[in-house]
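Inspection log for the structure reproduced underneath, given as structure tokens.
The values are calculated or read from the model by the stated rules, or taken from the named source; none is laboratory data. Quick caveat: nothing in here was measured; it's all calculated off a predicted structure. As a convention, Cβ positions derive from the backbone with ideal geometry for all residues, glycine included, and neighbour counts pool all protein chains shown. We work out accessible area using only protein heavy atoms, side chains counted, and drop any ligands, DNA or RNA first. Shrake-Rupley method; radii C 1.70, N 1.55, O 1.52, S 1.80 Å.
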Amino acid sequence: MPQTEPQQKQQYILVFDHGTTSIRACVMNHDGKIVAIGQSNFEQVYPRPGWVEHRPNELWQLTLTVAEEALEKASASWQDIAGIGITNQRETVILWDVETGEPVYNAIVWQCRRTADFCAQLKAAGHEQRVRDKTGLVLDPYFSATKIRWLLDNVPKARDLLKQGRLRFGTVDTWILWHLSGRQLHLSDYTNASRTLLYNIHDLCWDTWLLKLFGIPEEILPQVQPSRKIYGHSDPKLTGGVRIPLASDIGDQQAALYGQKCWQPGKAKSTYGTGAFLMMHTGNKAIVSNTGMLSTIAASDDGEVAYALEGAIFIAGGAIEWLQKQMKCFTHPGEMDAMVKALSKVEQASGDTQGESQRVYFIPAFTGLGAPHWNATARGSITGLTQDTGPAHLVRGALEAMAYQTREVLEAMVADAETAKLHLNLEHLRIDGGVTRSQFLCQFLSDMLQVPILRTDDAELTAKGAAYLAGLAVGFWQSPDEIARLSESTERFSPGTLLSEPLRKQYYLGWQQAVSGLLRAN
């Protein structure tokens, strides 16, 4: 098959969205519309409690499978693709043999807590503040460095390949780009590198002191590039005989921030997937948090580096999945709002207008607590149980927990910005993610935060962010202003519908007491 460059006038951008539980290939047209999606779930591996892994070869093999599915649904071919973008679950670690392409071990997922003791040792040795100053992060198993160290310490094959100069490290984006390029490109972008605990987000380099602290050799690390750039081209053997520009690479939460068009300081979004990630753009200023927030790099190009504050909540939609699959509380998430509504009617009929006799607090710390607490050993808790507690109470508790946790994070971000003398005018919070289909969640969130919530009808904001970046890199769109003019549909939720101010204070105080009790018991 001849190997050709794509023609000048291509119809689509193709994005690979590598999430925590599924892989999507999304085909986007020039109007900014996703016209087709190919999707496949993949296996979650749990070797021990608190350990989470994926199979790297499965992640790669499904990539082309979902791409072919999406192209078929769009009645398109590889020749119609102007550029390819990649967005991915961050922090997940893969080590592989550069000669054979075989991974040395399963991918260790961002949720995995196996390195909690190592992180505690580093904290006890007094290293956390310097790590935070350089990376904007905290010492937590969430991030990549301690996972890499665990592999080097526990997988003999990794050590052997390191001695031979054949070992390579990458997060999922690096693994996919390496394969897509015909094993030519070993690179990552600023956003993913900034989540490893090894990258200096101020000097934009792999940091010598950090590499020494974690005992990780720089030669196994990828080259770091901006999120928007033509890095190279696809291997035509994989993409229908066509060399397609590989034009964006960005971590999923930064991609969602860009997809939500939050491009200026003070603009914020919260994505509710397996976890929940609230991110606020801070312009060209990296704010080192004093409240447990993360400072991270946002979508950037060669000319300008942007930063953001982020609050990472480990479990959000993951609690909904647990209630559905493990606890059998409902068969489809679309049933949740009806369950909560029916529960409220029963409580009102009994005279319990505030639901206080059945106020269940569900703290979904299945893999520890993230921001602002950063407690790796905490585990899930449900308080307020009585003999009358049923599935609807658990569902309401899980949905309300997302709002309580978001409020914790948002208040911490505002405090950090004020300390840094950066005025952030949060006019509204933009939200996305599958669980935001819940009307109850959106309204409760607005009432609890006391800010308007803008919910997009588009469930693929992460893919859109990567697509916009790739499209700008290849000239599919000429400027961000052109993208900003693309139509979008949003629904607004204003504060004050569900909760009076006294109830808002009462419910949040109950949440804080429940979390404090969990942390004391831990």
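A few comments on the model shown:
- Meets criteria (open to solvent by 60 Å² or more (accessible area, probe 1.4 Å) and either assigned to a helix (DSSP H, G or I) or at positive phi (or both)) for LEU472: no
- Sole exception among (1) within 23 Å of the chain's Cα centre (by Cα); (2) open to solvent by less than 50 Å² (accessible area, probe 1.4 Å) for ASN41, by number: (2)
- In region 180-230, the residues that are open to solvent by less than 20 Å² (accessible area, probe 1.4 Å), among the aromatic types (Phe, Trp, Tyr) and in contact with a strand residue (DSSP E or B) (Cβ under 7 Å, 6 or more places away or on another chain): TYR199
- Looking only at region 306-326, and only at residues there that are out of contact with any helix residue (DSSP H, G or I) (no Cβ under 7 Å at 6 or more places or on another chain) and not in a helix (DSSP H, G or I), the one that is surrounded by the most Cβ atoms within 10 Å (Cβ to Cβ): ALA312
- Contact map, region 448-476: residues that are among the basic types (Lys, Arg) paired with residues that are open to solvent by 10 Å² or more (accessible area, probe 1.4 Å) and outside any loop (DSSP other than H, G, I, E, B), Cβ distance under 6 Å, separation 6+ or inter-chain. Pairs shown: ARG455/GLU491.
- Among the conditions (1) touching a Lys or Arg at 6+ places or on another chain (Cβ under 8 Å); (2) closer than 24 Å to GLN223 by Cβ, THR146 misses just one, which is (1).
- Residue within region 93-110 that is buried (at least 23 other Cβ atoms within 10 Å of the Cβ) and either more than 24 Å from the chain's Cα centre (by Cα) or hydroxyl-bearing (Ser, Thr, Tyr) (or both) present: no
- Residue check for ASP160: part of a helix (DSSP H, G or I) and either without any contact (Cβ under 8 Å) to a residue 24 or more places away in the chain or of a type in the set (Asp, Glu) (or both): yes
- Any chance TYR307 is within 19 Å of PHE16 (Cα to Cα) and either touching a residue at least 24 places away in the same chain (Cβ under 8 Å) or in contact with a Lys or Arg (Cβ under 8 Å, 6 or more places away or on another chain) (or both): no
- Among the residues of region 383-435, the ones that are more than 20 Å from the chain's Cα centre (by Cα), among the β-branched types (Val, Ile, Thr) and assigned to a helix (DSSP H, G or I) come to 3 in all.
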